[in-house]
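Notes to accompany the following structure.
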C-alpha cells in the first residue's frame, strides 16, 4: 500500500484511540469485581431484545458473557494499541460493537435505563466506531506501524 505519511499517521492514531477506548473499558471492568453485563442485557430494546434478555436467565451463560466481554475488550484494545494481530483485533471489535448496537439500537423512540447522550436516529457513536474499525480493517496499519510489521518480517 502506498500511503502518505499523514495518512499513516491519522490511521494509526485512529487505531490507537479506538484501542485505548476498548482497553480502558476492559480495565474498568477488571477493576470492578462486582461488574456484570446483567443490567445492560436486561435493558436491551429493539428487534433482538428477547434474545439478549434471555441470556440473563442462566448464570453460567451470564458469567461467560461477562468473561468474554471483559477480556475481549482488554485484548482487542491491546491488539489495536500495539498493532498486534490488527486484522483479527478489528474483526473482534466489530463483532463486539455490533452486538452492543443490536442490543441497544439507536432510535429516539427507545428509552433506556442508562441515559443516552442524545436522541439518535440509527447513527450513534457505536455505529461510527464499527465503521471506523472497518476502515482500519481495509488499511491494516499494524503492518506499517506496529508489532504486525515485526511479525511479518519474522515469517
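Each value in this text was obtained by applying a stated rule to the coordinates, not by laboratory testing. Computed from a predicted model, the values in this text were never measured in an experiment. Cβ coordinates were reconstructed from backbone atoms using ideal geometry, including for glycine residues, and neighbour counts include every protein chain displayed.
Side notes on the structure shown:
- Using equal-weight Cα scatterers in the Debye expression, the normalised intensity of the stretch 5-154 in log10 at q = 0.11, 0.12, 0.18 Å⁻¹ is -0.47, -0.55, -1.08.
- Computed extension gain for residue 62 through residue 50, at 0.36 nm per residue and net of the alpha carbon distance, reaches 2.8 nm.
- Take the Cα of residue 114, go 7 Å toward its beta carbon, and the backbone nitrogen atoms of the stretch 48-91 under 13 Å from that spot belong to 70.
- Each of 107, 132, 6 was scored by other Cβ atoms within 10 Å of its Cβ. Arranged with the fewest first, they read 6, 107, 132.
- Residues 25, 117, 111 arranged by fewest to most Cβ contacts within 10 Å: 117, 111, 25
- Sorted by Cβ neighbour density within 10 Å, fewest at the top, the residues 145, 28: 28, 145
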